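Worksheet: one structure, shown below.
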Number of protein chains: 2
Amino acid sequence: MVAQGHRSADTRLVGLDWGTSSLRAYRYDVGARVVESRELPAGLMRLADSNGPGTSSDRFERVFREACGDWVAAAPAAPIVACGMVGSAQGWRQAAYLEVPVALEQIASRLTAFETAQGVTVRIVPGLIERGVLPDVMRGEETQVVGALEAAAVPPGARVLVGLPGTHSKWVEVRNRAVEHLRTFMTGELYQTLCAHTILGRTLRQPSSPSHSAFDRGIEVTRSAEGRGGLLSTIFSARALGLTGALREEEGGDYLSGLLIGHELAGLEELRPDVFDTTSEIVLAGSAELCERYRRALAIRGCRKVVLVPAAAQLGLWRLAAWAGLVEDPAEARGDSSPVAEPR
Amino acid sequence: MVAQGHRSADTRLVGLDWGTSSLRAYRYDVGARVVESRELPAGLMRLADSNGPGTSSDRFERVFREACGDWVAAAPAAPIVACGMVGSAQGWRQAAYLEVPVALEQIASRLTAFETAQGVTVRIVPGLIERGVLPDVMRGEETQVVGALEAAAVPPGARVLVGLPGTHSKWVEVRNRAVEHLRTFMTGELYQTLCAHTILGRTLRQPSSPSHSAFDRGIEVTRSAEGRGGLLSTIFSARALGLTGALREEEGGDYLSGLLIGHELAGLEELRPDVFDTTSEIVLAGSAELCERYRRALAIRGCRKVVLVPAAAQLGLWRLAAWAGLVEDPAEARGDSSPVAEPR
């Protein structure tokens with residue numbers, strides 16, 4: 001405990017990436033490095049629905065203490081910044097939605113600060129909203145975008161497309177370090193649901209290793225004449241190809257994954273033909289395995305200026321805290337933002 | 001029992017529409033009229049998965065006896081014709097898939113006859129398959145198509161599009177009384193799954209009566225520029241519109257239904273622009289409520305030559321039995337096939 005307390009005294013920032021399914025807590029040192037991190041399966045979905053004792057706010061507070069109470073006790077002056085669904089109406093405290101277009105630095109000036117029951121100040125990053133006939137929203141991904149641009153060393157005036165694959169994939173257009181548009185695709189959630197709860201899942205078998213050829217085949221279908229029929233039509237082929245012996249059970253999952261990601265990219269191109277084409281500079285952030293799938297799908301479409309960024313949220317939390325004046329960048333930081341992964 | 005036996009002695013045909021979720025049994029009299037019908041929730045999904053005693057075949061036989069054992073005992077000479085997933089690999093006895101194009105009458109010449117353990121002969125209608133890069137299949141719907149064309153009094157040389165909304169919607173192109181193409185859309189299953197197992201369902205509330213305006217709004221989205229992004233993108237709007245207060249919880253289900261049916265029709269038009277347009281003659285068969293939804297969606301797209309047919313499967317079972325020489329049409333039948341529902 002003494003060692004723990006001693007180490008924690010170095011804490012310059014506590015960052016929380018608190019989403020629908022989990023809480024990731026990060027402890028940063030004076031060099032902006034994450035020196036400790038913890039993950040709890042205590043996402044919003046569980047806390048908001050829980051029938052446990054106390055109010056929803058009590059439950060958030062309890063999980064917060066469990067995740068990083070010792071860090072906070074050892075370094076009470078360290079600011080605490082949280083992003084994600086924790087700032088939604090069903091979260092711990094509701095934070096704003098900022099309307100796009102919005103400069104990334106502007107996000108840091110609109111943190112929602114509140115005191116916990118124990119008198120600790122927590123600041124929640126606002127989400128972003130794009131109004132229009134079909135509005136779109138995100139919470140947490142704005143922080144990933146901030147971190148991804150930093151990690152990919154995107155020049156200030158550049159135009160880039162940031163792809164954030166996941167349960168709900170987000171595609172975010174950034175120009176001059178401002179978010180101009182965002183669009184959500186429910187690709188990850190639909191994939192999980194199709195596998196778990198529809199007839200398609202009945203004939204899938206988990207492969208020992210992913211089948212690239214089945215994945216590519218799914219992508220190609222979405223680029224073919226048959227793909228014009230849309231997802232409701234193409235997904236049935238996962239079954240019909242199985243019935244005719246043209247797709248093995250252990251290929252079904254990757255084929256379906258290819259279909260869905262292919263439809264996502266085709267839809268993005270239809271929505272933003274002037275932004276998404278083979279010349280686009282694309283930054284991908286999210287799970288490494290999933291980002292690799294998207295890189296592969298993008299390559300099939302001819303998009304090769306793709307950079308993968310790990311740990312975008314933790315980078316973004318520090319950057320926002322720095323912009324908000326809550327932490328001071330280490331002297332070398334501004335000149336040291338080389339890409340974490342090289343472009344191919 | 002005597003009365004029952006006496007009535008059943010009039011039986012000229014026993015027809016079974018035995019699908020994934022239920023078995024519908026029909027008893028026809030000499031006038032080709034269904035004089036008795038029964039429904040058991042003993043579809044394939046339950047029988048194939050069941051852990052009950054006996055083989056899968058035993059279970060089918062038991063349900064068969066439960067549904068119509070008394071009819072068969074009272075009229076042992078009456079033929080028994082079954083259609084649907086009962087003829088699949090997981091069914092009672094596997095029936096063929098006939099390749100399209102195929103003349104409808106041809107279907108009747110390819111019934112798969114077998115004897116049950118009790119020595120009763122059952123004949124199963126073959127399914128249809130369209131081969132190609134993305135093959136497509138159906139079982140049971142071929143019988144609905146036969147019945148729908150008869151009920152809608154489609155002239156022999158006509159070209160019509162038969163829509164069979166349901167768990168898996170089928171669109172079947174018929175010309176000169178032959179099936180030329182078929183295409184499946186998993187619209188119904190996806191709708192159920194999205195409502196039951198995704199975040200979209202969390203903010204839906206069952207309305208006291210369907211909201212036509214929300215449904216129409218969903219359809220219109222699929223016809224707009226935003227709809228080009230495809231289903232993975234548009235369905236998220238059911239959530240985002242809710243968050244921004246632009247869609248009420250009790251409107252969410254109908255809005256989503258409109259989105260899905262709208263994407264289905266948009267996909268069909270992309271796949272078959274020369275077949276599906278505002279001049280198409282369309283026959284819809286299936287649940288009355290669902291067919292009304294499709295009629296509404298088709299009207300928004302400008303398709304107004306639409307006929308709704310109830311009870312297509314039971315009509316089709318008799319027609320196939322007649323073509324197979326198993327029953328004799330009543331004298332007046334051929335001149336009496338007026339539309340069951342008027343076109344609008």
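Report, by residue number, each residue of region A:129-141 that is surrounded by fewer than 24 Cβ atoms within 10 Å (Cβ to Cβ) and hydrophobic (A, V, I, L, M, F, W, C).
If the condition is that a residue be surrounded by fewer than 24 Cβ atoms within 10 Å (Cβ to Cβ) and hydrophobic (A, V, I, L, M, F, W, C), then A:Ile129, A:Val133, A:Leu134, A:Val137 are the ones that fit.
Tell me yes or no: at least one residue of region A:222-231 is surrounded by fewer than 24 Cβ atoms within 10 Å (Cβ to Cβ) and in contact (Cβ under 8 Å) with a residue 60 or more places away in the chain.
Looking through region A:222-231, at least one residue is surrounded by fewer than 24 Cβ atoms within 10 Å (Cβ to Cβ) and in contact (Cβ under 8 Å) with a residue 60 or more places away in the chain.
Answer with yes or no whether A:Ser213 is modelled with pLDDT of 95 or more and either touching a helix residue (DSSP H, G or I) at 6+ places or on another chain (Cβ under 9 Å) or open to solvent by less than 40 Å² (accessible area, probe 1.4 Å) (or both).
The answer is yes for A:Ser213.
Out of everything in region B:251-286 that is away from chain A (no Cβ under 11 Å) and of a type in the set (Asp, Glu), what residue ends up being nearest to B:Leu298 (Cα to Cα)?
In this case the residue turns out to be B:Asp277.
Within the set of pairs 6+ apart or on separate chains, which have a first residue in region A:176-202 that is at positive phi, a second that is of a type in the set (A, V, I, L, M), and C-beta atoms under 6 Å apart?
What qualifies is A:Arg177/A:Leu104.
Can you name the residue in region B:177-196 that is assigned to a strand (DSSP E or B) and of a type in the set (D, E, K, R) and, of all such residues, is least open to solvent (accessible area, probe 1.4 Å)?
Applying the filter and picking the extreme gives B:Arg183.
Return the residue satisfying two criteria in turn: it lies in region A:142-170 and is under 24 Å from A:His263 (Cα atoms) and free of Cβ contacts under 8 Å to residues at least 40 places away in the same chain, and of such residues it is surrounded by the most Cβ atoms within 10 Å (Cβ to Cβ).
The residue in question is A:Lys170.
Tell me which residues, restricted to region A:122-158, are touching a Ser or Thr at 6+ places or on another chain (Cβ under 9 Å), among the hydrophobic types (A, V, I, L, M, F, W, C), away from chain B (no Cβ under 14 Å) and not in a helix (DSSP H, G or I).
Selection gives A:Val122, A:Ile124, A:Val125, A:Ala152, A:Ala153.
Among all residue pairs at least 6 apart or on different chains, which show Cβ distances below 8 Å where the first residue, located in region A:233-256, is at negative phi and the second is acidic (Asp, Glu)?
From residues that are at negative phi, the pairs are A:Ser233/A:Glu226; A:Ser233/B:Glu264; A:Thr234/A:Glu226; A:Phe236/B:Asp136; A:Ser237/A:Glu226; A:Ser237/B:Asp136; A:Ala240/B:Asp136; A:Gly242/A:Glu249.
Any idea which of (1) assigned to a strand (DSSP E or B); (2) touching a Ser or Thr at 6+ places or on another chain (Cβ under 9 Å); (3) open to solvent by less than 10 Å² (accessible area, probe 1.4 Å) is the one A:Val174 doesn't satisfy?
With respect to (1) assigned to a strand (DSSP E or B); (2) touching a Ser or Thr at 6+ places or on another chain (Cβ under 9 Å); (3) open to solvent by less than 10 Å² (accessible area, probe 1.4 Å), A:Val174 is out only on (2).
For a quick check of your reading of the model, give me the residue pairs whose first member lies in region A:26-37 and is aliphatic (A, V, I, L, M), whose second is not in a loop (DSSP other than H, G, I, E, B), with beta-carbon atoms closer than 6 Å and at least 6 apart or on different chains.
That search, which allows pairs on different chains as well, returns A:Ala32/A:Trp318; A:Ala32/A:Ala333; A:Val34/A:Tyr26; A:Val34/A:Tyr28; A:Val34/A:Gln314; A:Val35/A:Arg27.
Give region B:181-196 a look and list any residue that's at the interface with chain A (Cβ under 10 Å from one of its Cβ atoms) and among the hydrophobic types (A, V, I, L, M, F, W, C), or say none.
B:Phe185, B:Met186, B:Leu190, B:Leu194, B:Ala196, listed by residue number.
Would you please list the contacts, defined by Cβ atoms under 6 Å and residues six or more apart or on different chains, that run from a residue in region A:96-110 that is in contact (Cβ under 8 Å) with a residue 12 or more places away in the chain to a residue that is aromatic (Phe, Trp, Tyr)?
Close Cβ pairs satisfying both conditions: A:Glu105/A:Trp323; A:Ala108/A:Trp323.
Taking the criterion of being within 12 Å of another protein chain (Cβ to nearest Cβ), out of contact with any Cys (no Cβ under 6 Å at 6 or more places or on another chain) and over 30 Å from B:Glu61 (Cβ atoms), would at least one residue in region B:104-112 satisfy it?
Taking every residue of region B:104-112 in turn, none turns out to be within 12 Å of another protein chain (Cβ to nearest Cβ), out of contact with any Cys (no Cβ under 6 Å at 6 or more places or on another chain) and over 30 Å from B:Glu61 (Cβ atoms).
On the given criteria, is A:Gly163 part of a helix (DSSP H, G or I) and more than 10 Å from every other protein chain (Cβ to nearest Cβ)?
Working: part of a helix (DSSP H, G or I): no; more than 10 Å from every other protein chain (Cβ to nearest Cβ): yes.
Criteria not met by A:Gly163.
The values are calculated or read from the model by the stated rules, or taken from the named source; none is laboratory data. It should be emphasised that the depicted structure is a prediction, and the values quoted were computed from it without experimental measurement. Positions of Cβ are backbone-derived with ideal geometry, glycine not excepted, and every protein chain shown enters the neighbour counts. Surface accessibility is based on the protein's heavy atoms, side chains included, excluding ligands, DNA and RNA. Shrake-Rupley method; radii C 1.70, N 1.55, O 1.52, S 1.80 Å.
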